[in-house]
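Data first, discussion second: the structure below is written as structure tokens.
The values are calculated or read from the model by the stated rules, or taken from the named source; none is laboratory data. Not measured: the values here are computed from a predicted model. We place every Cβ from the backbone using ideal geometry, glycine too, and count neighbours over all the protein chains shown. Ligands, DNA and RNA are stripped out before the accessible areas are found, and what is left, the full protein with its side chains, is counted by its heavy atoms. Shrake-Rupley method; radii C 1.70, N 1.55, O 1.52, S 1.80 Å.
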Amino acid sequence: MVMLEAKGLTKKFGKVKALNGVDMQVNEGEVYGFIGPNGAGKSTTIRILLGIIKASSGEAKIFGKDVWKDAVDIHKRIAYVPGDVNLWSNLTGGEVIDFFTKMRGAKIDRSRNEELIERFQLDPTKKCGAYSKGNRQKVALVTAFAADADLYILDEPTSGLDPLMERVFQECVLEAKDQGKSVLLSSHILSEVEKLCDKVGIIRQGEIIESGSLRELRHLTRTNLYVETREPLSFEGLSGIHDVQEEGRSYKFQVDTEQLDQVMTHVSQQGIVKIESAPPTLEDLFMRHYEGETVGGEK
Amino acid sequence: MGKEYFSQSGRLARLILRRDRLRIPIWILGFLVMSLLTAVAFDDLYPSQTERQQIASTMENPAITALIGPGYGLDNYTEGAMMAHQMLAMTLLVIGIMSILLVVRHTRADEEDGRIEMIRALPSGRLSNMSATLIVMTGTFIVLALAMGYGLYALGIESMGLNGSMLYGAALGVTGIFFAATTALFAQLSQSSKGATGLSFLLLGVAYLVRAVGDVVNSTISWFSPFGWVLESQVFVNNYWWPVIMTLVLSILIAVVALYLNAIRDLGAGFLPTRNGRRHATPLSQSHIGLTLRLQKTSLISWAAVLFIFGATYGSVLGDTETYFAEIEMMKEFMATKEGVPMTLQFVTMIASIMAILSTIPIVMAAFKLKKEEKKNRTEQILSTAISRKRFLGNYMIVALIASMIMVGSSAIGLSVAGASAIKEGVTFTELFQAIMVYLPAAWVMLGVATLFLGLGRLNGLAWLYLGFAFVIIYFGGILKFPDWVKKLSPYEHIASVPLEDFDWLGTMVLTMIALGLMFIGLTLYRRRDIKG
């Protein structure tokens, strides 16, 4: 079942086109990783999906309802965590958690709250003004996972968290997934996306340039190879070889997937002593899309 | 349809009340205590009609009218008439300030910090936060109006009947609602909370000035100011309710426009254009003191302009005052004057002291900018570079001292340029200029007090309270007959009223030394304390 669907989302801020035809689909029980550099349009897309800003054109639906017109109904079943959480300085974390639950129209489930507070090691009696960035982030995460939502929209949710808490976060996402819930996770931490996500969408300058399951994406790209050979290896006359690093008779390089067969035939003629292959990391994928481009992109 | 716009406004209103559980009651209590005490004091100090009539005649002149508003029922100056004349306009101004601060806090400031985004991601309507804010503000001002009305009535002062007392409360309440609506509107236009606050205070100041000019020159002009409208209710004299009701209707219209604009704009966007800045720092903002100055540039220039206009407005009123006194020679009997000094000068010195206090506000603000920076965790970034704490705080002091010259100077220039051209004879530009400039050392003492609290790192509010106290002493000191020792607690009371009196070298030196001493203590404390961020 499709939980979230966006088609041709475009957003203009004055003359600047922030989004240019973004498509996206998240199904039930799926974790969708949304990656791209700063200013590529991730947060703009998410804000449109939340009905906070209105798309200039295009269509977006969550649970089959229009994100702008039916925002209130949709929001009863979603939970959102922004990357930079700011809270009301003279309320305690505990108060904020309860307030958010009530706003969703749900009953406060004390035992569930306590469990999450315990797991995230949060002191809910502190005033929000006294929390560090990481702790404010934890408050938002506890409120999100305490909600019995069907779709979680998380915009760089782990910024400021320590590695231990990041692990707790990952467990929470996987538990939600096991219960058949869907997650839209925008993140810079590619290892996190790799670990959690079934599907990935890469956005660049307001356009989705690549999307699909991680396997599909990898298939389209390169494989990392490490070989040691008896005879010296020459790559002359071969196409699809990248980033060669030589050290004596050991070689590290990347091969385009479609050239793999030809390259392996060539390498094996030199007498293979040792061979290791690894699928490209998400980072490799990501970097490849931005090679030769000024880092950051335009806002 | 309504759900998409207003869903859960009630719950958000409760959140606002929870957040302001201290703030709002303190404001309301403050107004009640100040107003009720003043009413009681008037009743005590001026028990007989003759005494009140005497006060009325000293108050009936353009300079005073510009300052405190038009007097109604001056020929039958009851306690009620006195209250409405002396207290109402100034209280309305403070109500406006309260309204602006609270509304910006719950609209643009929350939006800027991303809190509205989280609220909007919950099942709440697009306008829920704004409508919740307006609901809470309206409720607050209704409570204030009723409490004030019953409170004044309960004092049992004969001329303050139930109808008049309720109208007095309603006048305060409706002004609060008016400025809540206009601030909500400005929060849509400007993209930042600073911008929204600035525009709102600009409106407040202009409204007060328009009223001042209108009340002196031509009462039609006063109709362009909400203060003019509300004061036209002539509380405790004729008790007209229609100006209050008209103001309420206008406020509702403005609020509807604000809601409409809120509905059609993107979250985080404003209607006024923003522009990009420069690519590189100018040589000025490459040093810390330059940066400190650069960060406050807009604020300092705006304040200087506002003070200049205030000075000029009062300066131009002096011409009318002179004409007025020429017509009524008998006035001299009531007021002890120095031989050969024009009557107008009496008012110059009073206006000068009030202008001096107003000019002190941006000076203290310039110093307290440091506290704001600390709260936003920005001072630690600067202190982690090669700069000592002494230099760091010192730079703020220098900027504040520069500000003191600019602020006191521009109100002095405003007053003397307009005053010298309006007054035909007897008062020169230099005399008017000096009248305000002599207050510089008092402003420095205030800066010293501010530095002391920066050194302590807390209780900043006390510095503002002290400045407020100094204002009350000058503004109400005469009429409320404070004992001498209380008056002497204000540094402004130790300044000789030039040109009425001779310049006091010794007093000036002593005040300057005290100011320096306080700054030194503040600096020492600051070097020792923990930096919070």
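How many of the residues making up the stretch B:426-443 are open to solvent by 50 Å² or more (accessible area, probe 1.4 Å) and closer than 20 Å to B:L489 by Cα? Of the residues in the stretch B:426-443, 0 are open to solvent by 50 Å² or more (accessible area, probe 1.4 Å) and closer than 20 Å to B:L489 by Cα. The set of residues in the stretch A:185-210 that are without any contact (Cβ under 8 Å) to a residue 40 or more places away in the chain and either at positive phi or assigned to a loop (DSSP other than H, G, I, E, B) (or both) contains only A:I189. In the stretch B:121-152, the residue that is nearest to the other protein chains (Cβ to nearest Cβ) out of those that are assigned to a helix (DSSP H, G or I) and more than 16 Å from B:I28 (Cβ to Cβ) is B:S128. Any residue at all in the stretch B:405-420 that's touching an Asp or Glu at 6+ places or on another chain (Cβ under 7 Å), under 30 Å from B:S497 (Cβ atoms) and at pLDDT below 95? Checking the stretch B:405-420: not a single residue is touching an Asp or Glu at 6+ places or on another chain (Cβ under 7 Å), under 30 Å from B:S497 (Cβ atoms) and at pLDDT below 95. Candidates in the stretch A:148-163 are the residues that are over 14 Å from the mean Cα position of the chain (by Cα), open to solvent by 10 Å² or more (accessible area, probe 1.4 Å) and in contact (Cβ under 8 Å) with a residue 24 or more places away in the chain; of these, the one that is nearest to A:G41 (Cα to Cα) is A:G160. If the condition is being surrounded by fewer than 23 Cβ atoms within 10 Å (Cβ to Cβ) and farther than 18 Å from A:C197 by Cβ, then the stretch A:19-38 contributes A:N20, A:G21, A:N38. Of the numbered criteria (1) buried (at least 19 other Cβ atoms within 10 Å of the Cβ); (2) acidic (D, E); (3) within 14 Å of chain A (Cβ to nearest Cβ), the one B:E79 fails is (3).
Filter the stretch B:191-214 down to residues that are open to solvent by 10 Å² or more (accessible area, probe 1.4 Å) and polar (S, T, N, Q) and give me whichever is nearest to B:V237 (Cα to Cα). Ranking the candidates gives B:T197 first.
For B:S159, are the conditions met, namely being in contact (Cβ under 8 Å) with a residue 60 or more places away in the chain, more than 14 Å from chain A (Cβ to nearest Cβ), open to solvent by less than 10 Å² (accessible area, probe 1.4 Å) and small (G, A, S)? No: the conditions fail for B:S159.
Taking the stretch A:222-254 as the range and being out of contact with any strand residue (DSSP E or B) (no Cβ under 7 Å at 6 or more places or on another chain) and either surrounded by 18 or more Cβ atoms within 10 Å (Cβ to Cβ) or among the hydrophobic types (A, V, I, L, M, F, W, C) (or both) as the test, only A:L238 passes.
B:G114 meets all of the listed conditions (1) closer than 30 Å to A:D155 by Cα; (2) in contact with a helix residue (DSSP H, G or I) (Cβ under 9 Å, 6 or more places away or on another chain) but one, namely (2). Taken together, the residues in the stretch A:51-67 that are open to solvent by 60 Å² or more (accessible area, probe 1.4 Å) and either over 23 Å from A:G29 (Cβ atoms) or among the β-branched types (V, I, T) (or both) amount to 3.
Applying the set (1) surrounded by fewer than 20 Cβ atoms within 10 Å (Cβ to Cβ); (2) under 21 Å from the mean Cα position of the chain (by Cα); (3) of a type in the set (F, W, Y) to B:F227 leaves exactly one unmet item: (1). Checked against (1) of a type in the set (D, E, K, R); (2) surrounded by 17 or more Cβ atoms within 10 Å (Cβ to Cβ); (3) more than 15 Å from A:I52 (Cα to Cα); (4) more than 7 Å from every other protein chain (Cβ to nearest Cβ), A:D70 meets all criteria but (3). Apart from one condition, B:G477 fits all of (1) touching a residue at least 60 places away in the same chain (Cβ under 8 Å); (2) open to solvent by less than 20 Å² (accessible area, probe 1.4 Å); the exception is (1). With respect to the conditions (1) farther than 15 Å from B:M118 by Cα; (2) within 7 Å of chain B (Cβ to nearest Cβ), A:G58 falls short on a single one, namely (2).
Criterion applied to A:K7, A:K11 was being within 14 Å of chain B (Cβ to nearest Cβ), among the basic types (K, R), in a strand (DSSP E or B) and in contact with a strand residue (DSSP E or B) (Cβ under 7 Å, 6 or more places away or on another chain), and the one residue passing it is A:K11.
Residue check: B:G114 meets all listed conditions (1) at pLDDT below 95; (2) within 22 Å of the chain's Cα centre (by Cα) but one, namely (2).
Scanning the stretch B:230-269 for residues that are open to solvent by 70 Å² or more (accessible area, probe 1.4 Å) and under 16 Å from B:P70 (Cβ atoms) turns up B:N238, B:Y240.
If you go through the stretch A:73-108 one residue at a time, how many are open to solvent by less than 10 Å² (accessible area, probe 1.4 Å), within 7 Å of another protein chain (Cβ to nearest Cβ) and more than 26 Å from the chain's Cα centre (by Cα)? Counting residues in the stretch A:73-108 that are open to solvent by less than 10 Å² (accessible area, probe 1.4 Å), within 7 Å of another protein chain (Cβ to nearest Cβ) and more than 26 Å from the chain's Cα centre (by Cα) gives 3.
Yes/no matrix, rows are residues, columns are (1) in a loop (DSSP other than H, G, I, E, B); (2) not β-branched (V, I, T):
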| site | (1), (2) |
| --- | --- |
| B:R275 | yes, yes |
| B:H280 | yes, yes |
| B:L295 | no, yes |
| B:S302 | no, yes |
| B:I309 | no, no |
